[in-house]
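The values are calculated or read from the model by the stated rules, or taken from the named source; none is laboratory data. Just so you know, these numbers come straight off a predicted model, no measurement behind them. A quick note on method: Cβ atoms are made from the backbone with ideal geometry, for glycine too, and the neighbour counts reach across all protein chains shown. These area figures cover heavy atoms from the full protein model, side chains too; ligands, DNA and RNA do not enter into them. Shrake-Rupley method; radii C 1.70, N 1.55, O 1.52, S 1.80 Å.
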Amino acid sequence: MRESIQLPIIDLTSPDPISTARAIRQACVDVGFFYLINHGVDEKLFKEVLEQSKNFFSLPLEDKMKLVRRNHRGYTPLYAEKLDTSSTTQGDSKESFYIGSLEGKSVVSKLNQWPAEEVLPSWRSTMEDYHRRVLDVGIRLISLIALALDLDEDFFHKAGACDSPNGFLRLLHYPGELQLSEQVVYGASAHSDYGMLTLLATDGVGGLQVCREKFNRPQIWEDVHHLSGAFIVNIGDMMERWTNCLFRSTLHRVMPTGQERYSMAFFLDPNPDCMVECLKSCCSDSSPPRYPPIRAGEYLEERLKVTYVS
């Protein structure tokens, strides 16, 4: 029998931000994952996004390929990604659709691809609504994370991270029926997220697992259960780097369950020009910075280069 993990629960409407920040700090140091409740994104919108996501992935492959990924936006077919670059499998058993930043003074916000309105009515407006609402949740949460790091509440805003932040929504579909293979098949092979923060919503179907001690062998994987109405939040590699490894970017994966699975992952990353360097509250003479400063956009671009099989 597989083990399960009981993630901490963080309430975004708590009237005591200091206690909430302490709880976030403990969660990020211990496991790097937590549930976020009372975040303000209502259940009706979750259901609409899930339904519209199913509508897109139900289209014929030739129609989906008209929107194939360009500039990290659009459709990625089955097996086109391999998140665990050491794996010998053909690729991860999932298909996805990326939606990048909606706002901004540059052309970046115009790079998104959208299904035609006559094919999927209201699809774009639903996704844009969800994107904006989850971005707002992430910005509120990042202020509490600043407090959790013994920084001013507006630290990440002053550092430029929240000035036109790089928010990506990724719709994911894991098929229930898989091709027969002698290899182990992963929905999403073992990886840690590259960026600052991820907010995940799912349809309730299981499969998500975490490995708290990624350098230990053998690795111990624990199931993460669905909590209705909650986001599953996890720290990414960039935040781990920013905090000098105080906050943990935890290895995770999605295993096939024999059921179709849909999820929506929102990746909140800093403005690409934001400089990511060790926080003063996370280093000392006995714990000097482990990484040199780097611009957020440069860091993410390097990480993304090795993800795609094709």
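Among the numbered conditions (1) open to solvent by 50 Å² or more (accessible area, probe 1.4 Å); (2) out of contact with any Leu (no Cβ under 8 Å at 6 or more places or on another chain), the only one that Val119 does not meet is (2). Quick check on the range 194-207. Is at least one of its residues touching a Gly at 6+ places or on another chain (Cβ under 9 Å), acidic (Asp, Glu) and farther than 19 Å from Pro8 by Cβ? Looking through the range 194-207, none of the residues is touching a Gly at 6+ places or on another chain (Cβ under 9 Å), acidic (Asp, Glu) and farther than 19 Å from Pro8 by Cβ.
Yes or no, residue by residue, for (1) under 24 Å from Cys211 (Cα atoms); (2) open to solvent by 10 Å² or more (accessible area, probe 1.4 Å):
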{"site": "Thr243", "(1), (2)": "yes, no"}
{"site": "Pro256", "(1), (2)": "yes, yes"}
{"site": "Gln259", "(1), (2)": "yes, yes"}
{"site": "Tyr262", "(1), (2)": "yes, yes"}
{"site": "Pro270", "(1), (2)": "no, no"}
{"site": "Asp273", "(1), (2)": "no, yes"}
{"site": "Ser281", "(1), (2)": "no, yes"}
{"site": "Pro293", "(1), (2)": "no, yes"}
{"site": "Leu304", "(1), (2)": "yes, yes"}
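Filtered by the rule that a residue be more than 15 Å from Pro121 (Cα to Cα) and free of Cβ contacts under 8 Å to residues at least 12 places away in the same chain, the range 55-70 gives Pro60, Glu62, Lys66, Val68.
To keep it simple, each residue is scored yes or no on (1) at pLDDT 90 or above; (2) out of contact with any strand residue (DSSP E or B) (no Cβ under 6 Å at 6 or more places or on another chain); (3) within 22 Å of Pro293 (Cβ to Cβ).
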position: Glu153; (1), (2), (3): yes, yes, no
position: Phe168; (1), (2), (3): yes, no, no
position: His173; (1), (2), (3): yes, no, no
position: Gly176; (1), (2), (3): no, yes, no
position: Leu180; (1), (2), (3): no, yes, no
position: Ala190; (1), (2), (3): no, no, no
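A count restricted to the range 182-233 and to residues that are without any contact (Cβ under 8 Å) to a residue 60 or more places away in the chain and open to solvent by 20 Å² or more (accessible area, probe 1.4 Å) stands at 13. Taking the numbered list (1) in contact with a strand residue (DSSP E or B) (Cβ under 9 Å, 6 or more places away or on another chain); (2) surrounded by fewer than 21 Cβ atoms within 10 Å (Cβ to Cβ) in turn, Lys82 passes all entries but (2). The residues of the range 4-29 that are among the aliphatic types (A, V, I, L, M), out of contact with any helix residue (DSSP H, G or I) (no Cβ under 8 Å at 6 or more places or on another chain) and either crowded, with 18+ Cβ neighbours inside 10 Å or closer than 21 Å to Cys245 by Cβ (or both), listed by number, are Ile5, Ala23, Ala27, Val29.
Reported count of residues in the range 252-310, each being of a type in the set (Lys, Arg), farther than 23 Å from Gly207 by Cα and under 16 Å from the mean Cα position of the chain (by Cα), is 1.
You will find that of Thr85, Thr89, the residue that is more than 30 Å from Lys44 (Cβ to Cβ), under 19 Å from the mean Cα position of the chain (by Cα) and either β-branched (Val, Ile, Thr) or at pLDDT 95 or above (or both) is Thr85 and no other. If you go through the range 134-154 and pick out every residue that is surrounded by fewer than 16 Cβ atoms within 10 Å (Cβ to Cβ) and not in a loop (DSSP other than H, G, I, E, B), you end up with 2. Checking the range 156-165 against the condition returns no match, with no residue being part of a loop (DSSP other than H, G, I, E, B) and basic (Lys, Arg). Checking each residue in the range 40-54 for being assigned to a helix (DSSP H, G or I), open to solvent by 60 Å² or more (accessible area, probe 1.4 Å) and touching a residue at least 60 places away in the same chain (Cβ under 8 Å) picks out Glu43, Glu48, Lys54. The residue list Arg290, Arg248, Arg253, Arg241 contains one member that is touching a helix residue (DSSP H, G or I) at 6+ places or on another chain (Cβ under 9 Å) and either at positive phi or in contact (Cβ under 8 Å) with a residue 60 or more places away in the chain (or both), which is Arg248.
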